[in-house]
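Peer 1: First, the structure itself, so that you have it in front of you.
Each value in this text was obtained by applying a stated rule to the coordinates, not by laboratory testing. Because the structure is a prediction, the values reported are computed rather than measured. Note: ideal-geometry Cβ built from the backbone for every residue, glycine included; neighbour counts use all protein chains shown.
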Amino acid sequence: MASTVRVVLLLLAAGQLATPVAAQGPKPASEATIAAQRAVAGALPADDGTDLAFATRGFIATRTDPLIRNAEGRPVWNLDAYRFVEGVAPTTVNPSLWRHIGLLNRHGLFAVAEGVWQVRGFDVSNMTVIRGSTGWILIDPLTTRETAAAALELVNAQLGARPVSAVIYSHSHADHFGGVRGLIGEADDDAKGLVVIAPAGFMEEAASENVMAGGAMGRRANYQFGSFLTPGAQGQMGSGIGAGIPAGEQTLIEPTDIITRTGEIRTVDGVRLEFQMVPGSEAPAEMNVFITPASTFLSAEIATCSLHNILTPRGAKVRDTRAWAGYLDEALRLYAPRSEAIVSSHCWPRFGRADLTAWLAGQRDNYRHLHDQTVRLMNRGETMDEIAEAVTPPAALADQWSNHGYYGTYRHNTKAIYQFYLGWYDAVPAHLDQLPPTPRATKYVAAMGGAKKVLDLARKAMAAGDYRWSSDLLNQLVFAEPGNKPAREALADSYEQQGYQAESAIWRNQFLSATRDLREGPQARPPAQSADLVSAIPTQLLLDSLSTRYDPAKLGGRKLSIRFTLPERSEVATLEANGAALIGRMGPVTTPVDASIVAPRRALLGLLFLKLPLAQLEAAGIKVEGNRAALQSLLDAIDPLPGGFNIAEP
Ligand SMILES: [Zn+2]
């Protein structure tokens, strides 16, 4: 099943974009950036050494070979990628972010409590290891098969080889389940008898969260994670809650046991576990785990070493900040009084009841403050951009390192909360029907007196260190005149300084990715979705996703209907195309259709999603009856694979 579907998904966001322009290397920090970094360094909380002590506590060992490779020998992860992070921050990195990546960079196997360990730094996420009566209970098997296998190899080598008796997925994001097949053998039978526990809604959310918007989200994720940047003082500096995203294979095994309510208890391989449901917070399906005999609470991803995202810049559905803070308050009430350690599925743990209680309360207050102050100003008539400027963390929060915005920021999270309640529109009619970016930019540039004038103004702003304004000006110019080389270069330089100054790793990645695209020409990387994941996506959802690629103009108002039969799933589906929409419907129909297809599901995916030639797929087992020309016209009206588009220029 793997190959065809895999190719389908791997190609979803592929595509060569604009012609590269002459490449330019990274620039040094400007005087203004050096001054800004100095100001940041002077305003940081005192470092009492607690974070470093917690990040290194219980260290047992790490891998000797820093490279984790896939079956073909290609490296998918490098434990040494941030080895250069030592000593004082270079001027091209925000000093707070520099400290942060230095802590995140600790990797290996760490003891947490009696019978509980974590493998950290082998992936963007952590794998938590619990010793059961007969084997390992593993919470969150990392993102990819290769990194998970390497983590388990380290566990078995250091703690003694044992089988995996159970796997728990804390939530529906791929960095918390994608490595699961790396923990068991390759054969399908190896998963038999394995206990797999997940929160309610897990499968649906795991399979579907990124499907409909996958093309756009994949491309935007390139920016957020700095996929085309190299780790370095002038390059990528992690992703705020971990290093980067491993380049391995994501897999999925369906859960065998679903948790639905807070307080639910399971005895798993002899270990008593209690669950707290936290849906709609960091993920649509998510839960925390209290490991009773070890007095250890796993706060999944709702409390970590950074402020998280209410709306991740790669794009997502907005999260419910009020509910998020509420879950943290509940955890504080139900689990903190019984805990000696808190582990998260990213970052390092907290130890000791006093520390972990204060820490959890601080995290709660951070989300609550963001939420309440945004809503307060919103109800006084302030708009998204004004609130983003006005709401800042009070000293009580800013003094706690883990409430800083290494991942999410106050600036973009306040906008997300505004959007959650009111949407994108600020009620100013001038913004209700504004011109789109290119004509607007063209008129603005003309109104300002032409390209040269805009460039001069932008250079003056840059000389004064006002990069927010210079980037705004130059962005107008590049959208008006994408071929204007001095404008592109100046915008790249302006973005670069903003990237250097950012405390948030993902803000840095976005600015530096745009810098790179403007200097070297944009490119997109296909998102890493796997056969396991695609096969779990409900057919109706795939049909709905296909409808979003339908171009009615290509059928010229004709109506067509095609029936699909998928024997291995006993599914029948119909696609009806008209002059406006493509309607996909599951279940048998009695009305006549123009053509019917009987196909293995993977072949159907090849036909509809990858747009492989019909003749080729007929050789692979697709059977077509009826009007082939009608079928071909429908196929021709489906857009090519999405996701390859420009961001920093039109
Ligand atoms: Zn995660």
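Peer 1: Have a look at region 340-463 and give its Rg and Dmax from the Cα atoms, expressed in angstrom.
Peer 2: For region 340-463, the Cα-based Rg and Dmax read 20.6, 65 Å.
Peer 1: Still on this structure, please answer the following. Using only C-alpha atoms and all pairs of different ones, pull out the Kirkwood radius for region 87-207 in Å with one decimal.
Peer 2: 15.4
Peer 1: I've got another one for you. Could you pull out which residues in region 565-601 have an amide N less than 11 Å from a spot 7 Å beyond the Cα of residue 627, following the Cα-Cβ vector?
Peer 2: 593-595
Peer 1: Quick one: length gained pulling residue 472 to residue 559 fully straight, 0.36 nm per residue minus the C-alpha distance?
Peer 2: 26.7 nm
Peer 1: Could you tell me how far the Cα centroid of region 140-166 sits from the Cα centroid of region 337-358, in Å?
Peer 2: 23
Peer 1: Report the dimensions of region 528-570 along its three principal axes from the alpha-carbon atoms, largest first, rounded to Å.
Peer 2: 37, 27, 12
Peer 1: For a Förster distance of 22 Å, can you work out the FRET efficiency between the beta-carbons of residue 620 and residue 571, rounded to the nearest 0.05?
Peer 2: 0.75
Peer 1: Can you work out the Karplus-derived ³J(HN,Hα) for every residue in region 560-565? Use 6.51 cos²θ - 1.76 cosθ + 1.60 with θ = phi - 60°, whole Hz, and x for glycine or proline.
Peer 2: 9, 9, 10, 10, 10, 10
Peer 1: If you take the alpha carbon radius of gyration of region 545-589 and divide it by 2.2 N^0.38 Å, what ratio comes out, to two decimals?
Peer 2: 1.23
Peer 1: Separate question: In whole Hz and in residue order, list the ³J(HN,Hα) couplings for region 63-72 that follow from phi through the Karplus curve 6.51 cos²θ - 1.76 cosθ + 1.60, θ = phi - 60°; x for Gly and Pro.
Peer 2: 6, 7, 8, x, 8, 9, 10, 8, 4, 8
Peer 1: With 20 Å as the cut-off, how large is the P(r) tail for region 379-522, expressed as percent of Cα-Cα pairs?
Peer 2: Across region 379-522, Cα pairs with separations above 20 Å total 59 percent.
Peer 1: Report the full-extension gain for the segment residue 358 to residue 392: residue separation times 0.36 nm, less the Cα-Cα distance, to one decimal in nm.
Peer 2: Once the chain is fully extended between residue 358 and residue 392, it gains 10.2 nm.
Peer 1: Taking amide H atoms as placed 1.01 Å from N in the peptide plane, list the residues 5 or more away in sequence, or in a different chain, whose amide H sits under 5 Å from that of residue 298.
Peer 2: HN-HN under 5 Å from residue 298: 289, 290, 291, 343.
Peer 1: Mind jotting down a quarter of the surface of the convex hull over the alpha carbons of region 146-198, in square nanometres, one decimal?
Peer 2: So the Cα hull casts an average projection of 3.8 nm².
Peer 1: If amide hydrogens are placed 1.01 Å from N in the peptide plane, which non-local residues have theirs closer than 5 Å to the one on residue 309?
Peer 2: 408
Peer 1: Calculate, in whole percent, how much of the Cα-Cα pair population of region 502-608 lies beyond 20 Å.
Peer 2: Result: 55 percent of Cα pairs exceed 20 Å.
Peer 1: A further question on this structure: How long, wide and thick is region 346-398, going by the Cα atoms along their three principal axes, in whole angstroms, largest first?
Peer 2: 44, 18, 18
Peer 1: In sequence order, what are the phi-derived ³J(HN,Hα) couplings for region 82-92 according to the Karplus relation 6.51 cos²θ - 1.76 cosθ + 1.60 with θ = phi - 60°, rounded to whole Hz, with x for glycine and proline?
Peer 2: Karplus values, whole Hz, x for Gly and Pro: 10, 4, 5, 7, 7, x, 6, 4, x, 5, 8.
Peer 1: Also: Given that compact globular proteins tend to follow 2.2 N^0.38 Å, what is the ratio of the alpha-carbon Rg of region 264-416 to that value?
Peer 2: Normalised Rg, Cα atoms only: 1.07.
Peer 1: Here's something else I'd like to know. Projected area of region 162-313, taken from the Cα convex hull and averaged over every viewing direction, in nm²?
Peer 2: 10.8
Peer 1: For residue 52 and residue 580 in the same chain, what is the full-extension length gain: residue separation times 0.36 nm, less their Cα-Cα distance, in nm?
Peer 2: Length gained between residue 52 and residue 580: 184.2 nm.
Peer 1: Can you give the calculated 222 nm mean residue ellipticity of the chain, where each DSSP H run of n ≥ 4 adds -39,500 (n - 2.57) and the sum is split over every residue, rounded to the nearest 500 deg cm²/dmol?
Peer 2: Dividing the helical sum by the residues of the chain leaves -11500 deg cm²/dmol.
Peer 1: Once R0 is set to 45 Å, what does the formula 1/(1 + (r/R0)^6) return for the Cβ-Cβ distance between residue 380 and residue 258, expressed as a FRET efficiency to the nearest 0.05?
Peer 2: For residue 380 and residue 258, the calculated efficiency is 0.55.
Peer 1: Under the rule of at least 5 residues apart or a separate chain, name every residue whose amide H is placed under 5 Å from the amide H of residue 236.
Peer 2: Those qualifying (amide H under 5 Å, at least 5 residues apart or on another chain) are 230.
Peer 1: Stokes-Einstein diffusion coefficient for region 190-258 at 20 °C in a medium of 1.002 mPa s, Rh from the Kirkwood formula over Cα pairs: what value in µm²/s?
Peer 2: Estimated diffusion coefficient is 144 µm²/s.
Peer 1: Averaging over every viewing direction, what projected area does the convex hull of the Cα atoms of region 423-476 cover, in nm²?
Peer 2: Over all viewing directions, region 423-476 projects a mean Cα-hull area of 4.5 nm².
Peer 1: Calculate the translational D of region 277-316 in whole µm² s⁻¹ from Stokes-Einstein, where the hydrodynamic radius comes from the Kirkwood formula applied to all Cα pairs, the temperature is 10 °C and the viscosity 1.306 mPa s.
Peer 2: 138
Peer 1: Taking one equal scatterer on every alpha-carbon of the chain, how large is log10 of I(q)/I(0) by Debye at q = 0.05, 0.06, 0.11 1/Å?
Peer 2: -0.24, -0.35, -1.19
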